[in-house]
1. Amide H to amide H, which residues 5 or more places from B:Leu114 or on other chains are under 5 Å from it, using H placed in the peptide plane?
2. Just list whichever of A:Lys67/A:Lys265; B:Lys85/B:Lys397; B:Lys85/B:Lys251 have alpha carbons separated by over 21 Å in the model shown.
3. Could I have the simple spin-label model distance between A:Lys67 and B:Glu160, label points 7 Å from Cα toward Cβ, reported in nm to one decimal?
4. What does the C-alpha gyration tensor say about the overall shape of the range A:1-45? Classify as rounded when a/c is under 1.5, otherwise prolate if a/b is larger than b/c, or oblate.
5. Once Lys and Arg get +1 and Asp and Glu get -1 on their Cβ, which of B:Ile389, A:Ser170, B:Thr369 lies farthest toward the positive end of the dipole of the protein assembly as shown?
6. Separation between the A:Lys295 and A:Arg150 pseudo-spin-labels, each 7 Å from Cα along Cα→Cβ, expressed in nm?
7. Where in the range B:105-121 does the label zone of B:Glu319 land, with the point 7 angstrom along Cα→C-beta and an amide N cut-off under 16 Å?
8. With r as the distance between the Cβ atoms of A:Leu131 and A:Lys9 and R0 = 60 Å, compute the FRET efficiency 1/(1 + (r/R0)^6) and round to 0.05.
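No lab work stands behind these numbers, since they all come straight from the coordinates. Please read these numbers as outputs of a predicted model, since none were measured by experiment. FYI the Cβ positions are ideal-geometry reconstructions off the backbone, even for glycines, and counts take in every protein chain you see.
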Amino acid sequence: MTHVSETPKQRASLGRQVLPYAMLTPAVLVTLAIVFFPMLQTAWMSLHEYVLFRPNDFTWVGLDNFKAALNDEVFWISLKHTIVWMCTTIPAQLLLGLVTALLLNQDFPWRPVARALIIIPWALPSVVIALMWVWIYDSNYGIANEFLLRMGLIQQAIPWLADPDTALASIILTLTWQGFPFFAVMILAGLQSIPQSYYEAASIDGASAWRQFWHITLPGISGVMMTAVLLRMIWVANSFDVIFVMTGGGPGYATHTLPLYAFIKARTNLDFGYGSAIAVLFTLLLMVVVVFYLKRTGKAVS
Amino acid sequence: MTFKTLTGIASTLALCAGMASADSTVRFWYHFDNADNPMDALVAAFEEANPGITVEAENIPWNSYYDQLYTAVIGGNAPDAAMVKMFAQPRLVEMGALQPIDDWLASWDGADGLQDNLIELTKGPDGKQYYLPVQYVVLYLYYRPDMFEELGLSVPTTCEEFRETAKALTRDTDGDGQTDVYGFGFRGAKGGHDHWATFTLGAEGVSLTEGLTSEAGVAGTQFVADLFQQDGVFPPSAPNDGFQEIIGAFKAGKTAMTIHHIGSANGMVEALGDNVSAAPVPECGGGHWTAFGDESTAVLSSAEDPEAAWKWITFLSSEGNNTMFNEATGQLPVVKADSESWTLHPQRFVQATVDSLPFAEMLPNSSATADFVNTAWPTNMQRVLTGDIEPAEMNAKIEELFAE
C-alpha cells in the first residue's frame, strides 16, 4: 500500500521540478532563436569583410572593422550625438512624465478621459509621429515657425531640420513628446500604490507639501522610476526610426546616432561587416552604462 | 454513386482547375508615385492574353526600393521580375541577381519597335543585355514664365545668367521683411545629385570618374555652395529637401525655378496652368550636362519561371501597353509607335525633353554609383551647404569613392 501511495507523491514532486522548465522552454527557445542567434551572427559578421553585393566574399579580417570604426570620424560624431541624445531625452521625458503623473493623480472631473488621452503620443506609430513633426517643423508651411513668427519671437522662419545647429534638438523634442506618456503611466501606477495614510500621518505632523513629496512620494515611486529609466535608456538608445524618417541622419552627419549609422552602413551601403562592428561596439558601450546605472541606482533604492 | 464519391470527384476537379489556372506565377516589383495605379488593368490584360501565368505585382515605396530589392536578393526572396534603374545594374550584376536576356531579345519581334539606341544605352557592364527599357525622361529646367515676365527676365542659358536670374527672382513680395520667393528649388537630399551635376559636370574634363578635384570641378560645387550661402537663392530648407519638397515649393510659388523631368509636368500644369514652362538646363563651365533618367525592367536570375517573367516584361514594353504604363508614371514611352501618338503632356515639356536629349548623360556604370547616389552625395552636399566642409573636400570624397 505504501508503495502505491508513494508513487503519485514522487511523480508530483518530479512534476513540480520539471514543470517550470517545460513551461519556460518555448519562450527560451524563441528568445534564443530570434535574439541570441542574430546577436552571435552579428558578432561573427563583425569579424569579417562582408559586403552583401559580393555574396561570395566573406573574408576573415579579425578586428580590422573595429579598428576602422575607431578611426572613423563619423563613428565619433555619431557617438557624441548618441550621448547628447540619451542624456537629454531621458531626463526630459522623466521630468515631464513625473509632472504629468502628479497632475493625473489629483482629483478632477474627466480624469479618466485625461488619462486615456495622455497615452496617445505613446500609442502612435513612430513613422506617423515623425511625419507629423516634419510638417510642424517645415520652414515654409510649418506651424512652429508660423506660431513663433506671429508671437514675434523670431524674425525669420527657421529651417529646424535643415540647420545642423537645431536639427538634433528638434528631434530630441519630438522624442520627448513621444516618450513621456510611458513615464507618466508607470509613475502614476507607482503613486497609486502609496497608502493614503502616510500622507495623513505626515500632515498631522505638520509636514509641508514639498516635504511630503520628498519623503513619501519620491521614495514610494523610486523603484518604478528606476525600472522605467532603465527600460527607456535601452529603447531610446536603440531607436532610430524617428530620426531616420525625419532627417535620415542629415543634414550631413548632424543627426547621426550610432544605431542609425550602423543601419545605414548595413542596409543602404550593404556593408554588413562594418555595420555589425559598429553595432557590437555600441552594444558593449550600452552594457557598460546599464551595469553602472544598475549598480548605482540599485544601492540607492535599497 | 454515393454522395461521398460525388463530392470527392467534384473536389478533385475543382483542385485540378485551380492548379491549371495558376501554372506559373510572376512576382513583379515596381514603384509608382501615382495613386491612380493602372497596374491591375495591365495585369488583367496580360493574364487574359497568357492563360496559365499569374502576375503578382507589388508597389514598393521608392525611398526604400533598392534597400528592399538588394536584401530580398540576398535573403533568397527576390521577385521574379522588377523595375530597375541603370545606377543599380553594376551592383545587381555583381550579385549575380540578373538573368541575361540576349537570346530572348534576339527572337523578340518588339525589339525593333523600341526607340533607337535604348538597348545599347542599357547594356550591362559585362557587355551582356540584362535590362529591357520601359520608360525614359530627361531632366530640364522648370521656370515660372509669369514671374520672368514681371521682372523682365529671360530664361538663363549659362550658369552666370542663371545666377543673376535666380538672385533677381529671390524677393520679398509682400513687404514683411521675409523672403517669399526663392530663385531656385535645390534638392539637397537623396536624388539631388542631378541638380549638382548640372552645375559641376558640364565643365570640360570633369566627370564623376575624372577631373572632379580639378579647379573646374571644385568650381562647380563652389558655385552651388555660393548660391545657397552667399546669394540665398535656395530656400533655407534646401539641405534636407527631397522630391516632395522641391515640387511642392515650386507649385506653391515658393520657388521660381527648379530641375526635374516631364514626370511632374502634369501635376505642375494642374497647379499653375500656363504659369509653368520648361527649358534645357543652363550651360555651366563651358558645357552642358543633364541626366538621362532611365527605367527598365529585368528578369531576376532566381525567377521560378524566367520565360513567364520575360513574357511579362516584354508585355510592358509593347505597343499600347507601354502607353498605359507611362500614363501612370507620367514619363515617356520607349516604344516608337506609342511615342508618335503621345498626347499625355503639353508640347512645351516634350520639346524641352527633346531639346535636352543631345547632351543627356547617365551616371557611370560602376558599383560605386549606388553609394554615390544613396549616401556619399547627399551627406557631403549637405555638409558643404551647411558649411561643415569645403567644396574641394566633397569632390575629393566622391573621386575617392569612384577610384576604389
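1. B:Lys336
2. B:Lys85/B:Lys397; B:Lys85/B:Lys251
3. Inter-label distance under the simple model: 5.3 nm.
4. Prolate shape, in that a/c is at least 1.5 and a/b is the bigger ratio.
5. Towards the positive end, the residue furthest out is A:Ser170.
6. About 5.4 nm separates the two model spin labels.
7. Counting backbone N atoms under 16 Å from the label point, the list is B:108-116.
8. 0.40
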